[in-house]
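Notes follow once the structure below has been shown.
The values are calculated or read from the model by the stated rules, or taken from the named source; none is laboratory data. Here the structure is a predicted model, which is why all the values come from computation and not from measurement. Heads up, the Cβs are rebuilt from the backbone with ideal geometry, glycines too, and the neighbour counts pull from every protein chain shown. The accessibility values were calculated without ligands, DNA or RNA, using every heavy atom of the protein model including side chains. Shrake-Rupley method; radii C 1.70, N 1.55, O 1.52, S 1.80 Å.
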Amino acid sequence: MPPSTPPQTYKVKSFGCQMNVYDGERMAELLTEQGMTAAPEGADADLVVLNTCHIREKAVDRVYSDIGRLRRDDGTVPLIAVAGCVAQAEGEEIMARAPSVKMVVGPQAYHRLPDMVREAAAGRPSTDTDMPTATKFASLPARRRTGASAFLTVQEGCDKFCTYCVVPYTRGAEVSRPYADLISEAQRLVDGGAREITLLGQNVNAWVGEDGKGRSVGLDGLMRALAEMPNLARIRYTTSHPNDMTAALIEAHATIPKLMPFLHLPVQSGSDRVLKAMNRSHTVESYLRVLEQVRSVRPDIALSGDFIVGFPGETDVEFEETVRLVEAVGYSQCFSFKYSPRPGTPAATMDGQIAPEVMDERLQRLQAALNRTQLAFNQASVGRSCEVLVERRGKLPGQWLGKSPWLQSVHFFDDVAIGDLVQVELVEAGANSLAGRPALQLVA
């Protein structure tokens, strides 16, 4: 595409967390509003947006690798924009390192992407890493048609300053979106076909706002309002911090039927000393107490978490404490990572950096323990009958894939459609999914 020709097609490629997926969807909507169309799968696009993650070192390296792969056989490249947290952290250095990149836009400035595309198409590269969250959301187009399950960002940024984490520097301070805006966006998602909404935030349970009557409400109050929408069948939320699991939010798991029995609550380590070094502000005991309280009001709750192995100074004994915690809780699924030093974070310069081979061995052992608990949870589900939200077709004729209330992937054969809620009997369990068969008639 000649530099002066406005792009007609685009592709947005998102890395990392669910909030990046949401941001990628919103950028696609912005570009569609400008008259561009999404390039078909496998086809070249005039504009490529790499929506990046900065949490792990390899994710950063992958961005530059992907930039290089965008060069076509004839030597040309599309217009390239780097968005997201790598853009925020590295700024203009990206274009210095990769001259084919013409736009660098941070996660709080992507509402300016259409203007930046016009500038880049005219031969004027630009960078925008300002962080006015409120401005961003006010400038985004209205939500339109969506899938059976949709993400809704309600809160951005974090004030916790965990010593390993770049989020406070790349996403900024905690900001809660206004209650009325969220109700409006959620209704548009439901009108567009969403049966399930997942509320997102770097620290989602820190969300606060004022309802239509001027009363202060927390995340539980927002979910109660969403639950009143007739065509919305399911509500989820992620990611939470243990210190912000209020009594009201815990009680919501018992009193809001549309709130699914699933809680993602990262702990990161089973060692109190490591947690203190991480500045996590909770202990293993206080974390377990929260889980006990949630289980007391919702006994069938499925629990998920995040773990980091090889944090600076972590001893073999402290790692064993993490393995014991995993086995004690019985997680249904988890995310686990090797510690990755991020420039500018306190942990990056701490003494006691762990050798890569030690981290590799610990991660393998931890993931083996997590796989055991996940398989055990799935096996305990066999024989249950539950509603499955149909999300997409499977690989085989007549096969469909969907999610159970406990966020398990379920595959089954039936004559249904995307967005249907189907009563399914779970008949066989694997480590990552379950097989089911229709149990009753379609649930409206």
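Scanning region 295-305 for residues that are out of contact with any helix residue (DSSP H, G or I) (no Cβ under 9 Å at 6 or more places or on another chain), closer than 19 Å to TYR237 by Cα, open to solvent by 30 Å² or more (accessible area, probe 1.4 Å) and part of a helix (DSSP H, G or I) turns up at least one hit.
Taking the criterion of being out of contact with any helix residue (DSSP H, G or I) (no Cβ under 7 Å at 6 or more places or on another chain), part of a loop (DSSP other than H, G, I, E, B), on the phi < 0 side of the Ramachandran plot and not β-branched (Val, Ile, Thr), the residues of region 214-260 that qualify are ARG215, GLU228, PRO230, ALA233, PRO257, MET260.
Within the set LEU47, LEU79, LEU30, the sole residue that is at pLDDT 90 or above, surrounded by 17 or more Cβ atoms within 10 Å (Cβ to Cβ) and within 30 Å of PHE335 (Cβ to Cβ) turns out to be LEU30. Of everything in region 333-354 that's in a loop (DSSP other than H, G, I, E, B) and modelled with pLDDT of 95 or more, which residue is surrounded by the most Cβ atoms within 10 Å (Cβ to Cβ)? Among them, the one singled out is TYR339. Looking at region 261-273, which of its residues are open to solvent by 10 Å² or more (accessible area, probe 1.4 Å) and either over 25 Å from MET359 (Cα atoms) or in a helix (DSSP H, G or I) (or both)? Listed by number, the residues that qualify are PHE262, ASP272, ARG273. Selection of region 1-27 for residues being assigned to a loop (DSSP other than H, G, I, E, B) and either within 23 Å of THR239 (Cα to Cα) or open to solvent by 50 Å² or more (accessible area, probe 1.4 Å) (or both) yields MET1, PRO2, PRO3, SER4, THR5, PRO6, GLN8, PHE15, GLY16, CYS17. In region 94-133, the qualifying residues are those that are touching a strand residue (DSSP E or B) at 6+ places or on another chain (Cβ under 8 Å) and among the basic types (Lys, Arg), and the one that is surrounded by the fewest Cβ atoms within 10 Å (Cβ to Cβ) is ARG112.
Does GLY330 satisfy being at pLDDT 95 or above, surrounded by fewer than 17 Cβ atoms within 10 Å (Cβ to Cβ), small (Gly, Ala, Ser) and on the phi > 0 side of the Ramachandran plot? The answer is yes for GLY330. Here ASP316 clears all of (1) open to solvent by 50 Å² or more (accessible area, probe 1.4 Å); (2) closer than 24 Å to ASN203 by Cβ; (3) not hydroxyl-bearing (Ser, Thr, Tyr) except the condition numbered (2).
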